[in-house]
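These notes are about the structure you will find just below.
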Amino acid sequence: MAKVAIVGATGRVGQYAALSISRIPYVREIQLYGRPGSEPFLEGVARDLIDSFAATGTDSLVSWSSDIADLKGSDVIVFTAGVPRRPEQSRNDLALENARIVSDFAVKIGNIAPEAFILMVTNPVDIMTHVALRYSGKKPNEVFGLGTHLDSMRLKAAIASSFKVHVSEVHTRIIGEHGDSMVPLWSATTIGGIQITNLPSFTRVPIEEIMHHVKSSGQQIIASKGSTVWGPGEAIATLVRTILGNENRILTVSAFIKAEVHNIGDVCIGVPARINRKGVYPVPIRIEPPEVRSFQQSVEKIRNITQEIFSILQDGEKDFP
Ligand code: NAP
C-alpha cells in the first residue's frame, strides 16, 4: 500500500487529482502539500475529501502539510505547483518562472523522498519534467510527465466520435511536445484492431479539424471555465494506478529519451513508455518518415528551450553562491 503526495494541492488540478487518486485501491495515504500559509485551505480540502469517502467506500488516509519534510516516505509525488501564463508572458517566460519553482522543490524532493517517483504536471510539462529530473538527482525512469497522455486521449475520443465506435475500439498516440508541435501517429492508430489508414472511410476523416480540436482543447476549456481539471485529474490518476498496480501498460508520457525514436534523444518529451512499479521506460519505436520529421522538429523546439532554461538557471546559481 502506497503513499501519494500532491505538491500544489491547493490548486484546481491538484485538488481533483487528490479525489481521483483516492479511489485507487493501492493507495493507503494521500498527502496534500501546500505552501506555508495555506494550512486552513489544505485542512478544508482534506475534510471535503474525507466527506466523499463514506459515499464511495474509500478507505485511504488523508493528511495535509506545509512542511516539505513530510513528503518523506512518498511512493509517488504528483507535482502540480506552478503559475499559469499571464497575458504579457511568453511560453519561455513561464518556463523560466516555473523552472525556478520546480528546480527548488526537486532538489528537496531528491533528498527527502529518494524512493519517490515524480509525476510532473506543471506546464510547460516536457521542460519541467527535465528540470525535475536534473535537479532531483533521480534516475530517468523515476521522473516523468503527463506529456501527451491527455492529448492522446482527446484524439482517441475524437476518432471514436468520427467513426461512431466505442472509444475502447480506438488505439492511438500523440507524441512530441504537449503543445503546438505535437505529432499524431496515424501509423500507430487502429480501430477495432485494423490500421486506420486501411479503412476506406479514413480518406473522409477531417484530420486537420480533429487535430485543431485536440491542440486547442485545453485553451478552449480554460477560456470557458478557467482551467482544465477533470481531464488532467483522471489522466494523472491513470498514471499513478499504472505504476502502483505494476500494470505494464504502454502510455504516452513525457520521459527522457536517449535514442528510442529513430536515434533522436537527449530530451524529455511525449513518447510511448512501459509503466510499472519499477518506473517508466520509453519503448523503442519505428514510425513513418513524415512522422519522424515532425517529431524531430518537436524535439528540437523542446530541447532548445530546455537548454536555454538550464543555462539561465545555472547563471542564477552563480549569482547566488
Ligand atoms: P492553479 O489552480 O493556479 O494552482 C497552482 C498551484 O501551484 C497552487 O497550489 C499554488 O499554490 C501553487 N503555486 C503557485 N506558485 C507557487 C510557488 N511559487 N511555490 C509553490 N507553489 C506555488 O493551477 P492549476 O489549474 O491547478 O494548474 C496547475 C499546473 O498544472 C499549471 O502549470 C498548469 O498549466 C498545469 N496543467 C498541466 C496539464 C497537462 O496536461 N500537463 C493539464 C492541466 C494543467 P497557492 O494556492 O499557495 O497559490
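The values are calculated or read from the model by the stated rules, or taken from the named source; none is laboratory data. Because the structure is predicted, anything quoted here is derived from the model rather than measured. We place every Cβ from the backbone using ideal geometry, glycine too, and count neighbours over all the protein chains shown. Only protein heavy atoms, including side chains, enter the accessible area calculation; ligands, DNA and RNA are left aside. Shrake-Rupley method; radii C 1.70, N 1.55, O 1.52, S 1.80 Å.
Structure notes:
- Long hydrophobic helices in the chain: the complete DSSP H runs spanning 15 Å or more by Cα along their own axis with mean Kyte-Doolittle hydropathy of at least 0.5 are 125-136, 230-244.
- Highest-MSF residue in the chain out of 219, 31, 297 [GNM, Cα springs under 10 Å]: 219
- In the structure shown, the pairs 108/301; 108/139; 258/278; 3/225; 139/215; 156/301 are assessed against 21 Å; a Cα-Cα span above that value is assigned to 108/301; 3/225; 139/215; 156/301.
- In Å², nearest 10: area of residue 211 left accessible to a 1.4 Å probe: 20
- Anisotropy class of segment 90-169 from Cα gyration tensor, a/c 1.5 cut: oblate
- Only Lys, Arg (+1) and Asp, Glu (-1) charged, at Cβ; the chain dipole about Cα centre in debye: 620
- Point-charge dipole on Cβ atoms (K/R +1, D/E -1) for segment 1-67, about Cα centre, debye to 20: 200
- Simple rule: put +1 on each Lys or Arg Cβ and -1 on each Asp or Glu Cβ in the chain, find the dipole, and look at 232, 250, 299; the Cα lying farthest toward the positive end is 250.
- Extension gain, residue 197 back to residue 169 (0.36 nm per residue minus Cα-Cα distance, nm): 8.6 nm
- Cα gyration tensor category, rounded, prolate or oblate, for segment 143-251 with a/c compared to 1.5: oblate
- All C-alpha to C-alpha distances of segment 1-100, sorted into 5 Å bins beginning at zero, yield P(r) values of 2, 13, 23, 22, 17, 10, 7, 4, 2, 0 percent in whole numbers.
- Most mobile listed residue (127, 30, 194) in the chain, GNM with C-alpha springs under 10 Å: 194
- Rounded accessible area of residue 134 (nearest 10 Å², 1.4 Å probe): 120
- Three-way shape call for segment 166-310 based on the alpha-carbon gyration tensor, with the a/c threshold at 1.5: rounded
- DSSP-defined antiparallel bridges as percent of all bridges, the chain, nearest 5: 50
- Calculated mean residue ellipticity at 222 nm for the chain: -15000 deg cm²/dmol, from DSSP H runs with n ≥ 4 weighted as -39500 (n - 2.57), summed, divided by the residue count and rounded to 500.
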